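Undergrad: Questions regarding the structure given below will be posed in turn.
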Amino acid sequence: MRAVVARAAAAVDAARLGRRHLELASIGAIGETGLNREALTDADFRARDLVLSWAAARGYRVLMDGIGNTFIRRPGRNEALAPVVTGSHIDSQPAGGAYDGAFGVLAACEVLEALDDAGIVTERSVEAVIWTNEEGSRFQPTTMGSAVFAGRLPLDQALRASDTAGITVATELDRLFKRMPAVGRREFGFPFAACVEAHIEQGPILERSGIPIGAVMAIQGLRWFTVRVTGETGHAGTTPRVARRDALMAAVAMVQRLTELMADPADVVRFTVGRFEVLPNSPNTIPSDVLFTVDFRHPDAGVLARLGDQVASTCQANALGCTVSVEETLDAPPTVLDADVTERIRRVTAEIGLAQMDIVSGATHDAKYVALTCPTGMIFIPCRDGVSHTVLEYAEPEQMVAGARVLAGVVASLAME
Ligand SMILES: [Zn+2]
């Protein structure tokens, strides 16, 4: 097995990976480094065309499911066995970068071809996947394709989602399917033996640690709250303090207490008040209404429950005479990735002589839904300054090659069993 892992990893072609990255990044490019390739746009379609042209050159079969998730299949010795799958997404934020998602798809294509080039015949088929609409910027929700595939989002609900121009996912998918009439169909929930997603970290930890590979143990969970504080407006010059019900003062007290509640010396808790709206928002009028949001994330379900359950009571306890309503708008549990796949990532990384560290994903990924259907792991590579979802996103070519080599070794080892 060690020999197969080493051969697969060594067959990753750095020049091919670099060339293809530039080619893919040119589709939907904005400025020197940015990317605008939102889901199910013409740019998304052209990017799929490019990836499928690489598949066609190798004679790989392509299959697509009803939400446009696209699977490129390199056959194994035993076609009856469930495949090992690897991939990510090629859609981007409207002003995003050329690495988020794209790296995982490029690395997946590289794995299939590295196996070919190394002359490795795997027991199981190996598939590269492009998940549809991971970003969720044009059509909500995020990770749409993988959620539908895993049976966690009804297809018709996804098809009805529309963009700001009123164009639906159904309309755009229709265009996609018409464009690719020769592509085979695949049903949702098709069984996988295992799945591995490679991705840029989108955070600064690997770079700061000087470590090229992260073995992702978990994707943190998140809870969102919307807090509405209602007080009473009045003249800023004439209303005495005792007669005031100042919604802003109350909201500030709430945010202060929540900040104390979420204080974490280990710096694992992620707590953000990202929206803060004040009415009537006039310099000489007492604020009557405040709306603010809470975004709270943690990898541990227990902490997520314990602290998240105190958000409403903390707000109520600091109302200062105002009325408060706290609505929980999202409750997504953490995902613990498969221990065996994660251990393989550590082992393969060590075998090919690279340093690795365990890491928790701060962002959500398609792997989160795939993990509900099969043993799933994730490999992170560093990105410059931890920056993502902007045109400044960047990973070194050597960092991408290192991630693709580890991915090739891990996929090869899974596909031999
Ligand atoms: Zn992504």
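Every number here is computed from the coordinates shown, using simple stated rules; none is lab data. Predicted model, so just to flag it, every value in this text is computed and none were measured. Every residue, glycine among them, receives a Cβ derived from its backbone with ideal geometry; neighbour counts consider all protein chains shown.
Undergrad: Which ordering of V303, V84, V51 is given by a fewest-first count of other beta-carbon atoms within 10 Å?
TA: On the way: V303 17, V84 29, V51 24.
So the residues, fewest neighbours to most, are V303, V51, V84.
Undergrad: Moving on to the next point. Step through the residues of region 268-279 one at a time and calculate ³J(HN,Hα) from phi using the Karplus curve (6.51 cos²θ - 1.76 cosθ + 1.60, θ = phi - 60°), rounding each to whole Hz and writing x for Gly and Pro.
TA: 9, 4, 10, 10, 9, 9, x, 10, 8, 10, 10, 10
Undergrad: Most exposed first by the Cβ proxy, i.e. fewest other Cβ within 10 Å, how do H298, H235, H389 rank? Write out the running numbers ahead of the final one.
TA: Values: H298 24, H235 9, H389 17.
Listed from fewest to most nearby Cβ atoms, that is H235, H389, H298.
Undergrad: Another question, if that's okay. Under the rule of at least 5 residues apart or a separate chain, name every residue whose amide H is placed under 5 Å from the amide H of S88.
TA: The list, which skips near neighbours in sequence, is V105, V129, W131.
Undergrad: Quick check for me: using +1 on Lys/Arg Cβ and -1 on Asp/Glu Cβ, what's the dipole size of the chain about its Cα centre, in debye to the nearest 20?
TA: Working: 39 positive and 51 negative charges, 72 e Å.
Charge dipole, the chain, about its Cα centre: 340 debye, nearest 20.
Undergrad: Using modelled backbone amide H atoms (1.01 Å from N, in-plane), which distant-in-sequence or interchain residues come within less than 5 Å of G203's amide H?
TA: It is C383, by chain and number.
Undergrad: Quick one: if you stick a label point 7 Å off each Cα along the C-beta vector at R185 and E417, how many nm between them?
TA: 3.5 nm
Undergrad: If we count other beta carbons within 10 Å of each Cβ, what is the order of V268, V326, fewest first?
TA: Working: V268 14, V326 17.
The fewest-first ordering by Cβ neighbours comes to V268, V326.
Undergrad: Something else now. Can you tell me the orientation of helix 169-179 relative to the chain, as the angle in degrees between its alpha-carbon axis and the longest Cα principal axis, to the nearest 10?
TA: Between the helix axis and the principal axis of the chain, the angle is about 20 degrees.
Undergrad: Now for a separate question. Take the alpha carbon atoms of region 244-263, find their center, do the same for region 309-385, and report the distance between the two centers in whole angstrom.
TA: Using only Cα atoms, the two centres lie 27 Å from each other.
Undergrad: Going by average Cβ density within 10 Å per residue, which order do the peptides 171-181, 253-263, 88-98 take, highest to lowest? Please list the in-between numbers first.
TA: Details: 171-181: 13.8, 253-263: 16.5, 88-98: 24.8.
Highest to lowest by the protection proxy: 88-98, 253-263, 171-181.
Undergrad: Let me ask another. Determine the percent antiparallel among the DSSP beta bridges restricted to the chain, to the nearest 5. Show your work: numbers first, answer last.
TA: Values: 47 of 69 bridges.
In the chain, approximately 70 percent of DSSP beta bridges are antiparallel ones.
Undergrad: Using a Förster distance of 22 Å, how high is the FRET efficiency between R257 and T329, based on the Cβ-Cβ distance and rounded to 0.05? Show your work: numbers first, answer last.
TA: On the way: r = 21 Å, r/R0 = 0.93.
The value I calculate is 0.60.
Undergrad: Same structure, new question: Please give me, ordered by residue number, the GluC sites (Glu not before Pro) of region 182-255 that lie in loop per DSSP and have at most 13 other Cβ atoms within 10 Å. Before the final figure, lay out each step's value.
TA: Numbers: sites: E187, E197, E201, E207, E232; in loops: E187, E201.
Within region 182-255, the qualifying GluC sites (Glu not before Pro) (loop, at most 13 other Cβ atoms within 10 Å) are E187.
Undergrad: Turning to a different aspect of this structure: If one takes the longest principal axis of the Cα atoms in the chain, at what angle in degrees, from 0 to 90 and to the nearest 10, does the Cα axis of helix 102-117 lie?
TA: That works out to roughly 10 degrees.
Undergrad: Would you mind calculating the gained length between L50 and A301 on full extension (0.36 nm times residue separation, minus the Cα-Cα distance), in nm to one decimal? Before the final figure, lay out each step's value.
TA: On the way: separation 251, 0.36 × 251 = 90.36 nm, distance 4.06 nm.
Using 0.36 nm per residue and subtracting the Cα-Cα distance, I get 86.3 nm.
Undergrad: Right, here's the next one. Can you give the convex hull volume per residue for the Cα atoms of the chain, as a whole number of Å³? Working shown, then result.
TA: Details: hull volume 61.6 nm³, N = 417.
Residue-normalised Cα hull volume stands at 148 Å³.
Undergrad: How much mean residue ellipticity at 222 nm does the chain get from its helices, if each DSSP H run of length 4 or more adds -39500 (n - 2.57) and you divide by all residues, to the nearest 500 deg cm²/dmol?
TA: Values: 14 runs with 148 residues, N = 417.
The helix contribution divided over the chain gives -10500 deg cm²/dmol.
Undergrad: Another one. For helix 42-58, what angle does its Cα long axis make with the longest principal axis of the chain, in degrees from 0 to 90 and rounded to 10?
TA: 20 degrees
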